[in-house]
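Visitor: Handing you a structure now.
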Amino acid sequence: MENTPLFWVAFVTFVLAMLLLDLLVFNRKAHVVKMREALGWSAFWILLSLSFNYLVLRTMGKQPALEFLTGYLIEKSLSVDNLFVFLLIFSYFRVPQEYQHKILFWGIIGALVLRAIFILAGAALLAKFHFLLYVLGAFLVYTGVKMATSAGEPEIDPDANPVVKFLSRHLPITSKLEGGKFFVRKEKLLFATPLFVVLVMVETTDVVFAADSIPAILAVSRDTFIVFTSNVFALLGLRALYFALEGLMRLFHYLHYGLSLILIFIGVKLLISELYELPMAISLGVVGFILVMSVVLSLLLPKAKEELQLPTADDSADDSSL
């Protein structure tokens, strides 16, 4: 395996082929994703990621393989916060469960493109301006502290989203869902549906999360291929992880603090990198230990949470939240 343009094209082609297989074959018809199906797909994407990690180990060496695995774990763990926000968005807009997979699919397509741009730009800046490493480290520490001290669950306010406000002013939007369509034509006019508004919310929310996750992985590895592929594999399994953890996400209330500790740890590691280079194996162990302890503590010390009731397509289509 070589980090060449041809191999980049081959990898992106493989990813697009997997996504098209998912959309056109396995999820051709809108349906409610059950726990068994979600767990099966989650296992598939995890095994595929680990297989790729093994390929990196055999062809690129131990260090890149450890960097890939560490970056994958960080992105995967930070994705849980994404999933919780997606749950809130779907609940706010009363998105039927059978249409959620489609939104997440196209949302991840957009996320892959945006993150590729962020990774390439970030890596180029770090390679040219060495002092940005310290800025990046300080930013991660600040983000970790801010995450730890934030007051619980995020709020979803579409009216405060500038992109959604722009759409509302310049694009006609139907008052109710039109099946699983993002756009419909009525009286020769093209209308967006509330499902498209939800997609925009998901995309813009991911941009905010990318501001945390991309710096964290760039702090682990500055090899753009390792950073990009670890991000891609974490995102590919995001939809299945959402449906697998949909009923359990509120149980992991200590994971929020674990993620903040990981960001602080990676930031400090970067700030002291000139004085002491912490072995990647130790970094991987620390990240894994924090994640495991966060989940264990959440299960041992449960906290009562109000459950979100997600609608189905049989619910009223002209709900006021649309």
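Visitor: Yes or no: region 78-92 includes at least one residue that is assigned to a helix (DSSP H, G or I) and under 15 Å from S230 (Cα atoms).
Guide: For region 78-92, residues assigned to a helix (DSSP H, G or I) and under 15 Å from S230 (Cα atoms): present.
Visitor: Filter region 216-233 down to the residues that are outside any helix (DSSP H, G or I) and modelled with pLDDT of 85 or more, then identify the one that is least open to solvent (accessible area, probe 1.4 Å).
Guide: Checking each candidate, the answer is S221.
Visitor: Step by step: first the residues of region 170-215, then only those that are of a type in the set (D, E) and assigned to a helix (DSSP H, G or I), then the one that is modelled with the lowest pLDDT. Which residue is that?
Guide: D212
Matching residues to (1) open to solvent by 10 Å² or more (accessible area, probe 1.4 Å); (2) within 24 Å of T13 (Cα to Cα); (3) assigned to a helix (DSSP H, G or I):
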position: L235; (1), (2), (3): no, yes, yes
position: R239; (1), (2), (3): no, yes, yes
position: Y242; (1), (2), (3): no, no, yes
position: H253; (1), (2), (3): yes, no, no
position: L261; (1), (2), (3): yes, no, yes
position: G267; (1), (2), (3): no, no, yes
position: S273; (1), (2), (3): yes, no, no
position: V295; (1), (2), (3): yes, no, yes
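Visitor: Could you please find all residues in region 275-290 being in a helix (DSSP H, G or I) and open to solvent by less than 50 Å² (accessible area, probe 1.4 Å)?
Guide: M280, S283, L284, G285, V286, V287, G288, I290
Visitor: Hey, another quick one. Taking the condition over 16 Å from the mean Cα position of the chain (by Cα), surrounded by 15 or more Cβ atoms within 10 Å (Cβ to Cβ) and in a helix (DSSP H, G or I), does F14 pass?
Guide: no
To keep it simple, each residue is scored yes or no on (1) part of a loop (DSSP other than H, G, I, E, B); (2) at pLDDT 80 or above; (3) surrounded by fewer than 17 Cβ atoms within 10 Å (Cβ to Cβ).
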site	(1), (2), (3)
I108	no, yes, no
L125	no, yes, yes
G152	yes, no, yes
E155	yes, no, yes
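Visitor: Which one of these does I226 not meet: (1) without any contact (Cβ under 8 Å) to a residue 40 or more places away in the chain; (2) touching a Pro at 6+ places or on another chain (Cβ under 6 Å)?
Guide: (1)
Visitor: Kindly indicate which of S294, S273, S298 is in contact with a Leu (Cβ under 8 Å, 6 or more places away or on another chain) and modelled with pLDDT of 85 or more.
Guide: Only one candidate qualifies: S294.
The values are calculated or read from the model by the stated rules, or taken from the named source; none is laboratory data. All values reported here derive from a predicted model rather than from experimental measurement. Note: ideal-geometry Cβ built from the backbone for every residue, glycine included; neighbour counts use all protein chains shown. What goes into the accessible areas is simple: the full protein's heavy atoms, side chains included, and nothing from ligands, DNA or RNA. Shrake-Rupley method; radii C 1.70, N 1.55, O 1.52, S 1.80 Å.
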